[in-house]
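J.: Dropping the structure in here first, questions after.
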Amino acid sequence: MSRSRNLETICAAAGVGVDDAHNSVAPPLHLSANYAWNDPCEKPQYDYSRSGNPTRSQLEEALCALEGAEKGVVTASGMAALDLVLCLVSPGELVLAPHDCYGGTHRLLTARAKRGQFDVAFVDQSNPETLSAAFARAPKLVLIETPSNPLLRITDIGACVALAKKAGAITVADNTFLSPALQRPLELGCDIVVHSTTKFINGHSDVVGGAVLARDASIGEELAWWANCTGVTGAPFDSFLTLRGLRTLFPRIERQQQTAQTVVDALVADDRVETVFYPGLASHPGHDIARAQQKGFGPMFSVEFKEGVDVLQLLRATEIFTIAESLGGFESLICVPAAMTHASMSAEARQIAGISEGLVRFSVGLEHEDDLLRDISHALDSASITTSDNVSLFPKQAAKQCV
């Protein structure tokens, strides 16, 4: 690119008008599994779609431009992206991870560690003292998730990077909750950014995908080698749809976070609410750090209701908010992390992380804010019960695996 462009323009213009074959404005979809060689001794740019595909390359280039990365790999899912990063760690080396991370991340790290691929330590990264103590163990890789899922704790990326550099560790940031529209961890010193592109980047809840984006080209090449070796690369059609969804990232997330702030303000004023976890609130412990390292507070928040609210009935009574896992789509979603997204964590791990049975996570979509406010108000009225009726939410449920 000859001139620098704003991120909004990069989103809107990625792949537009670059088709040399037929001059199509929209980028073509390349579904071919393999590509012809002109000569058996001259390998072409693309030979097999697991190794490289023109459609996937366009998405990778767009995401690299948005995050300021030198090399990126689009993967089949967000978990595939995270697992790809773990290829950089060897047996006996330590991965430092947030104690309140996404349940699927906790499950993967725990399972890999049990098989001896590496050691793992889960720590409260929002606490400078515990973080410094953890770095004394000389980790090889540090995973940051900020805001955290589902409690939206904020980790000071710059401070964490400084500790990682002293320890010689690779710093990886999961930027799924904010996307490059609201946070750019590579600018703050991180080495790698991972995404579940299923969420805000695609934004339409119709494609599962992931991405790993490296600030240094050599690390990016190593990740690309492992991606080809293990076959975790994303499909061309999924890449095509994700690139199409990416084009509206900025207007979507701007509208969504504006509505989220309105809904949060209403919930803070409701007597039936115990705590609202949202970095946009001045009372949030990480508010000042979030203001410094983010361009906005995002459309995600969680709520702890008072004893007189039956949380399960609250979810059942919503009409616009859909009970579902995932986040970041055009539609508003609601879930109970303890029973859904974080069910694969042990009860003890959830307790340490502060994820209670009554915590409710909201992902705000593109519906009108007045309708969302009415929906929550109606659901809260329906869910208000006497204290004596309020029992454990999941007394006999067998823990299921989170998606």
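The values are calculated or read from the model by the stated rules, or taken from the named source; none is laboratory data. Computed from a prediction, not measured in an experiment: that's the story for all the values here. Backbone-built Cβ (ideal geometry, glycine too); neighbour counts: all protein chains shown.
J.: Can you name the residue in region 209-241 that is of a type in the set (A, V, I, L, M, F, W, C), in contact (Cβ under 8 Å) with a residue 12 or more places away in the chain and out of contact with any helix residue (DSSP H, G or I) (no Cβ under 7 Å at 6 or more places or on another chain) and, of all such residues, is nearest to R252 (Cα to Cα)?
T.: L241
J.: What residue, among those in region 288-311 that are part of a helix (DSSP H, G or I) and in contact with a helix residue (DSSP H, G or I) (Cβ under 8 Å, 6 or more places away or on another chain), is nearest to I154 (Cα to Cα)?
T.: Q293
J.: Of the residues in region 265-281, how many are of a type in the set (V, I, T) and crowded, with 22+ Cβ neighbours inside 10 Å?
T.: Residues flagged as of a type in the set (V, I, T) and crowded, with 22+ Cβ neighbours inside 10 Å within region 265-281 amount to 1.
J.: Please go through region 359-391 and give me each residue that is in contact with a strand residue (DSSP E or B) (Cβ under 9 Å, 6 or more places away or on another chain) and modelled with pLDDT under 95, ordered by number.
T.: Answer for region 359-391, where residues must be in contact with a strand residue (DSSP E or B) (Cβ under 9 Å, 6 or more places away or on another chain) and modelled with pLDDT under 95: S384, I385, N390.
J.: Now for a different question. Suppose we filter T242, T230 for residues that are hydroxyl-bearing (S, T, Y), surrounded by fewer than 20 Cβ atoms within 10 Å (Cβ to Cβ) and more than 30 Å from G354 (Cβ to Cβ); which single one remains?
T.: When all the criteria are applied, what remains is T230.
J.: Something else about it: Restricting attention to region 353-387, report how many residues are among the β-branched types (V, I, T), over 20 Å from F177 (Cα atoms) and either crowded, with 16+ Cβ neighbours inside 10 Å or in contact with a His (Cβ under 6 Å, 6 or more places away or on another chain) (or both).
T.: Summing the residues that are among the β-branched types (V, I, T), over 20 Å from F177 (Cα atoms) and either crowded, with 16+ Cβ neighbours inside 10 Å or in contact with a His (Cβ under 6 Å, 6 or more places away or on another chain) (or both) in region 353-387 gives 1.
J.: For region 57-99, which residues satisfy the criterion of being of a type in the set (V, I, T) and either buried (at least 21 other Cβ atoms within 10 Å of the Cβ) or more than 19 Å from N228 (Cα to Cα) (or both)?
T.: Within region 57-99, V73, V74, T75, V85, V95 meet the criteria.
J.: Starting from region 364-376, take each residue that is under 17 Å from G203 (Cβ atoms) and list its partners that are surrounded by 22 or more Cβ atoms within 10 Å (Cβ to Cβ) and not hydroxyl-bearing (S, T, Y), counting only C-beta distances under 6 angstrom and pairs at least six apart or across chains.
T.: V364/Q256; V364/A260; V364/P299
J.: Can you tell me which of S148, S126, S90 is part of a loop (DSSP other than H, G, I, E, B), touching a helix residue (DSSP H, G or I) at 6+ places or on another chain (Cβ under 9 Å), at pLDDT 95 or above and more than 16 Å from M79 (Cβ to Cβ)?
T.: S148
J.: Quick one: count up the residues across region 160-175 that are assigned to a loop (DSSP other than H, G, I, E, B) and within 16 Å of L84 (Cα to Cα).
T.: Result for region 160-175: 1.
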